[in-house]
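Scroll down for the structure; my scribbles are underneath it.
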Amino acid sequence: MNPQPTYQDALNDAQYQAVAHTDGPVLVIAGAGSGKTRTLVYRVAHLIDSGVNPESILLLTFTRKASQEMLCRAGVILNDSCSRVTGGTFHGVANMLLRRHGSHLGFGSSFTIIDRADAEGIINLLKSSLELSGPKKQFPSTRAVINMISGSVNKVLPLEDLIFDQYNHLSEFTDDILLLQKHYQEFKFDHGLMDYDDLLVNWKRLLAEVPEVREEISLRYRYIMVDEYQDTNLVQADIVRLAAYRHDNVMVVGDDSHSIYSFRGAEFYNNMRFPETF
């Protein structure tokens, strides 16, 4: 049997303050090498050690490997009950919840997740069927179209605004790009497909549009922790806000000097907005 962990001995004062804070929102700003992963690991162990049901803890990270390693380390500190914590990426948890609740949005549980190559194939097919491509056509490349559609989703910005803001040299094609986006969305829905952006958007829709699902998820996951919060985009920040609406027990850890996903709509301002949001 593992000895009782001595959290104060294992952590510095700032880390222990974050770990021991059980209820209510917590924003942890932590630079490289300051022990933020250690803080998350010990907080998982401390919550369970304090009597929190491990199944009511949700740990969101940017790689599945990161969450697995954190929960494994928490298990070493405490016991194997840490393995009952739900841990994973935003996309992985979205996939799990949408297969369980997606019928509320018109999706079956057996939808297929498509990758970038699949998406480009669909866009090429639609460009051809809509007669937007051909030897005499100067239509934007498939890669550019995918980047625009995805950028619009991740930045929560109307596609036409994104085009005029970031792709002004392609603005003459705006109407056709909007038509292509419409057909792309319809094609995916009709064929039971979701791309990675859809996973986030539809998880947010579940929480925002289906009150009974929002209630169930918020009551199920009473303690939410998010690593690398500076790399979340506005959709992910909204997901966290909606999922925690019943309790506000959210700890986010971020470093506003280190954001690597700005090209995908990441908003380090999410760190700065956190005190207002919660």
Scope the range 79-111; condition open to solvent by 70 Å² or more (accessible area, probe 1.4 Å) and in contact (Cβ under 8 Å) with a residue 12 or more places away in the chain; matching residues: SER83, ARG84, ARG99, HIS104, SER110
Criterion (aliphatic (A, V, I, L, M) and open to solvent by 30 Å² or more (accessible area, probe 1.4 Å)) met by exactly one of LEU60, LEU27: LEU27
Every residue from the range 114-165 that is β-branched (Val, Ile, Thr) and either under 15 Å from ASP195 (Cα atoms) or more than 23 Å from the chain's Cα centre (by Cα) (or both): ILE114, ILE122, ILE123, THR142, VAL145, ILE146, ILE149, VAL153, ILE163
In the range 211-225, the residues that are open to solvent by 10 Å² or more (accessible area, probe 1.4 Å) and within 18 Å of MET251 (Cβ to Cβ): ARG220, ARG222, TYR223
Residue identified as open to solvent by less than 70 Å² (accessible area, probe 1.4 Å), small (Gly, Ala, Ser) and either closer than 15 Å to VAL253 by Cβ or in contact with a Phe, Trp or Tyr (Cβ under 9 Å, 6 or more places away or on another chain) (or both) among ALA20, ALA32: ALA20
Some residue of the range 65-78 being in contact with a strand residue (DSSP E or B) (Cβ under 6 Å, 6 or more places away or on another chain) and open to solvent by 10 Å² or more (accessible area, probe 1.4 Å): yes
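Can we say ALA18 is of a type in the set (Gly, Ala, Ser), in contact with a Lys or Arg (Cβ under 8 Å, 6 or more places away or on another chain) and at pLDDT below 90?
no
Filter the helices (runs of 4 or more DSSP H) completely within the range 136-225 down to those with at least 2 residues that are of a type in the set (Ser, Thr, Tyr).
Once the helices (runs of 4 or more DSSP H) in the range 136-225 are filtered for at least 2 residues that are of a type in the set (Ser, Thr, Tyr), what remains is 142-154, 174-190.
The values are calculated or read from the model by the stated rules, or taken from the named source; none is laboratory data. Quick caveat: nothing in here was measured; it's all calculated off a predicted structure. Reconstructed Cβ throughout: ideal geometry from the backbone, glycine too, with neighbour counts over all protein chains shown. Surface areas here come from the heavy atoms of the whole protein model, side chains and all, with no ligands, DNA or RNA. Shrake-Rupley method; radii C 1.70, N 1.55, O 1.52, S 1.80 Å.
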